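Rule-based calculations on the coordinates, nothing more; no lab input. Owing to the predicted nature of the structure, the values given are computational and were not obtained by experimental measurement. Cβ placement follows ideal geometry from the backbone for every residue including glycine, while neighbour counts extend to all protein chains displayed.
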Amino acid sequence: MEYVYAALILNESGEELNEENLTNVLDAAGVDVEESRVKALVAALEDVDIDEAVEQAAAVPAGGAAAGG
Amino acid sequence: MEYVYAALILNESGEELNEENLTNVLDAAGVDVEESRVKALVAALEDVDIDEAVEQAAAVPAGGAAAGG
Amino acid sequence: MEYVYAALILNESGEELNEENLTNVLDAAGVDVEESRVKALVAALEDVDIDEAVEQAAAVPAGGAAAGG
Amino acid sequence: MEYVYAALILNESGEELNEENLTNVLDAAGVDVEESRVKALVAALEDVDIDEAVEQAAAVPAGGAAAGG
Amino acid sequence: MEYVYAALILNESGEELNEENLTNVLDAAGVDVEESRVKALVAALEDVDIDEAVEQAAAVPAGGAAAGG
Amino acid sequence: MEYVYAALILNESGEELNEENLTNVLDAAGVDVEESRVKALVAALEDVDIDEAVEQAAAVPAGGAAAGG
Amino acid sequence: MSAERKTETIPKWKETEVAELTDFVDNYSSVGVVNITGIPSKQLQNMRRSLHGSAELRVSRNTLVERALESVGDGFEDLEEYISGQVGLIGTNDNPFGLYKELEASKSPAPISAGEIAPNEITIPEGDTGVDPGPFVGELQQAGAAARIMDGSIHVTEDSLVAEEGDEVSPELANVLAELGMEPKEVGLDLRAVYSDGVMFESDELAIDVDEYRADVERAAAFGRNLSVNAVYPTEQTAPLLVSKATGEAKSLGLQAAIESPDLAPDLVSKADAQVRTLAAQIDDEEALPEELRG
């Protein structure tokens, strides 16, 4: 998930979500970055409204419901 | 949440979750890092099993919300 | 509620949950402490497994679930 | 959670939610207070309407709801 | 998702899940194959137990839509 | 399921879902193709709205739903 | 044997017919045997016409059909075991499963006559027959139905099985069914078997459950999504899910570790409140509780 986390940081910081920035964040975290995965993620997120997807998660009780199952 | 994401990336890369590493990751993402938040994060996570906490989120069934409805 | 919160803090700090400690916490928070209530609370919690109760509550979606409904 | 509990006691007693007061409450409970977490919490709660957040929680019957899932 | 489906076919046929085989399957289906996506898929699946991952419901508000309802 | 996956790839690539194309995809994946299964699948899917079925699947995550219930 | 056969005289027309049938079989990738028993010739003509383009029906003497199948060989002769009674050959270059579907869909209900064999179970449903009291009650009962007079008309009091599959229909039963307007037969070209590209399919193998296939498609799609998300291989469809998942994980961690983040603060407050309420719920002594928490 580290690639996705990195994308979300960029989304919050307001920096552009591109291959270079993603690679930099992952590099800084000591991740052995695979270019193809960076590419794939950027491509996949191109048309995604990230904020909306984030909000959807917010609607689901994080950590909570476990016991509910 | 960017601080938390940064912690999650470090957790996956296996790098130590300390102030310096966190700051580096956030810096690379263009975040204007607040030292006290980084410190607080490190302190908050000191005794926490991150993998377990993450898994608990996973335990929320996708349909979780639906189930509640 | 403040009395119960005070009990929860003591539970986490590991300090003994007794009248004196409860009173100190509440005092520090500027609460006008009622002795009888402190007494009653300490007595009432004697047979309660606080950690269990707290965990049980954590299983409840904090605020979130509402959205799920 | 002790930092959050302490903040909520202050909210109920009507005392100002600042670093000093938080530290005092936690100190009185024997917590080994970390300044950075106190700072971060005060900052985090700055824009939060605590009473509203509490009400949201109240809307979900404690302990119960999860079982419903 | 065609790349994922291709991986699933290879997983069932027992053929090795590598770039060449994936490309062949996609080619045969008339997909205009992107090398980087193939690479990323192979990398993503490297340490994954596909049979398990397939059965495990994507622990996500997949019901996302549902959550809103 | 490999036959169904193959059909889903063709559905995404936009190629016609016929016996020849299905067989080619499965062949490329090293599947020992049974002609009769291909035939039955093609005939059966003539009456299935694949896009709708896929969307339906998205609304009810496999496995997850059960866990949630 | 061969000497005998040589002396056998085969009329010219038969030879021609066999040759045509042979051509027919040769022409199609799939050839089947259909039962046409009980189909009036006019209806058969209509069916023949409605098949036009997708399949062709050919009716001839069974012995000649068998001879043609033998002369083609190549496995087609195995169709002989399905030839009995009134049958025809059907040929198509389309999918045999599709052919079966088409033929089934074109069947229409029809009344059954005395002496015919029930093609499936026949059940007279519970309900008001609308028939005035009279000897029909007895006829129903004789046919095996639970019947009596209620509210001025004859009622069947429960779903009554009056014939099993394969039973011969008695004159009494045929009468009763006719009176009730029931049409328990499905008339149409009944495909017994198809020999297709070297494989023999009997009718039960040709019957496909579309719902099952639909369910398979859903399952396959769900599996694809699961894999995409669980292996963190984002696709256009699953990228939002992965974002949500990552957010959920961060939130879960944040709440469990009580991380002081503005994004989490409201949830942390809610969580604390929920904990207080849960704990309070376990306190029996109301003296120990503030008013808002008293049971």
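List of remarks:
- Counting only lysines at least 8 places from A:Lys39 when in the same chain, those with an alpha carbon closer than 19 Å to its own are E:Lys39.
- Sorted fewest first by neighbouring Cβ atoms within 10 angstrom, E:Met1, G:Met182 come out as G:Met182, E:Met1.
- Angle in degrees between helix G:62-72 and the longest Cα principal axis of chain G, rounded to the nearest 10: 70
- Fewest-first ordering of G:His155, G:His52 by other beta carbons within 10 Å of each residue's beta carbon gives G:His52, G:His155.
- When shorter helices are ignored and each DSSP H run of at least 4 residues is given -39500 (n - 2.57), the per-residue value for the protein assembly as shown at 222 nm works out to -17000 deg cm²/dmol.
- Taking the Cα centre of region G:240-295 as reference, the dipole from Cβ charges on Lys and Arg (+1) and Asp and Glu (-1) amounts to some 480 debye.
- Placed amide H near G:Thr129: partners under 5 Å, 5+ positions off or other chain: G:Ile154, G:His155, G:Val156
- Take D:Glu19, push a point 7 Å out from Cα through the beta-carbon direction, and compare it with the same point in every other copy: 1.3, 3.7, 4.5, 5.3, 7.9 nm, smallest first.
- Here region A:23-46 and region B:1-52 have alpha carbon centers that stand 18 Å from each other.
- In plain terms, the residue of G:Thr278, C:Thr23, G:Thr247 with the fewest other Cβ atoms within 10 Å comes first and the most crowded comes last, giving C:Thr23, G:Thr278, G:Thr247.
- Peptides G:133-142, A:40-49, ordered by how many other C-beta atoms sit within 10 Å of their residues on average, highest first, read A:40-49, G:133-142.
- Region G:30-37 - phi-based ³J(HN,Hα) in whole Hz, Karplus 6.51/-1.76/1.60, Gly and Pro as x: 10, 10, x, 10, 10, 7, 10, 4
- Evaluating 6.51 cos²θ - 1.76 cosθ + 1.60 at θ = phi - 60° for every residue in region E:36-53, the Karplus couplings come out as 5, 5, 4, 4, 4, 5, 4, 5, 5, 8, 3, 9, 9, 7, 4, 4, 6, 4 Hz, glycine and proline recorded as x.
- For F:Asp51, inter-copy label distances in nm, listed shortest first [label point 7 Å out on the Cα-Cβ vector]: 2.9, 3.6, 4.3, 5.2, 5.6
- Taking every residue in F:18-30 and counting other chain Cβ atoms within 10 Å of its Cβ, the average works out to 6.
- Comment: the Cα-to-Cβ extended label point of A:Asp32, at 7 Å, lies 3.4, 3.7, 3.8, 3.8, 6.7 nm from its counterparts in the other copies, nearest first.
- Annotation: amide H of G:Val162 within the under-5 Å range of G:Ile122, G:Thr123, G:Ile124, sequence separation 5 or more or interchain, hydrogens built in the peptide plane.
- For the residues of G:189-199, the average number of beta carbons from a partner chain within 10 Å of their own beta carbon is 1.
- Taking amide H as placed 1.01 Å from N in the peptide plane, E:Ala57 has its amide H under 5 Å from the amide H of F:Gly64, each at least 5 places away in sequence or on another chain.
- Share of Cα-Cα pairs in chain G lying beyond 28 Å, as whole percent: 66
- Given charges at Cβ of Lys, Arg, Asp, Glu: the protein assembly as shown dipole, positive-most of G:Ala281, C:Val31, F:Met1: F:Met1
- Lys, Arg +1 and Asp, Glu -1 on Cβ, resulting dipole of the protein assembly as shown about Cα centre, debye, nearest 20: 4040
- Per-residue ³J(HN,Hα) for region G:206-220, Karplus 6.51 cos²θ - 1.76 cosθ + 1.60, θ = phi - 60°, Hz, x for Gly and Pro: 7, 6, 9, 8, 4, 4, 5, 5, 4, 4, 5, 4, 4, 5, 4
- Average other protein chain Cβ within 10 Å of Cβ, residues C:48-56: 5
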